[in-house]
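For reference, the structure is listed below as C-alpha cells.
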Amino acid sequence: MDSAYVIGYILGFVIGILIAGVLVGLIPFFMAKKRGFKVMGVVCLILCIIAGFLKGIFASAPVCLISVIVILIRSKINER
C-alpha cells in the first residue's frame, strides 16, 4: 500500500469522526446556551467530541442524550 493512501485514509477517518462528534455535540451545546448554562454546554460539546473520537457515533449519541436530559432536569430545578 502507498503511504500517501494510508495517511489520507487515516486523516479522512479522524476528520470525519471529529465532525460527527461536533455535530452531535452542538445539540446539548445550544440547548444549554439557550437555558443559560454556557459552561455546561461547552463541557457537553467536548464530551461528545471525545466520545465520538473514541467510539464514534455509538458513544457520542448516548453522551448527547444524557447531556440533554441533565440540562433539562437542571433547568427545571432552577425554575423552582
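The values are calculated or read from the model by the stated rules, or taken from the named source; none is laboratory data. Because the structure is a prediction, the values reported are computed rather than measured. Backbone-built Cβ (ideal geometry, glycine too); neighbour counts: all protein chains shown. The accessibility values were calculated without ligands, DNA or RNA, using every heavy atom of the protein model including side chains. Shrake-Rupley method; radii C 1.70, N 1.55, O 1.52, S 1.80 Å.
Data table
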{"quantity": "Residues within segment 29-38 that are open to solvent by 90 Å² or more (accessible area, probe 1.4 Å) and of a type in the set (A, V, I, L, M), tallied", "calculated": "0"}
{"quantity": "Options L26, L45, L11, L18: the member that is part of a helix (DSSP H, G or I) and either touching a residue at least 60 places away in the same chain (Cβ under 8 Å) or open to solvent by 70 Å² or more (accessible area, probe 1.4 Å) (or both)", "calculated": "L11"}
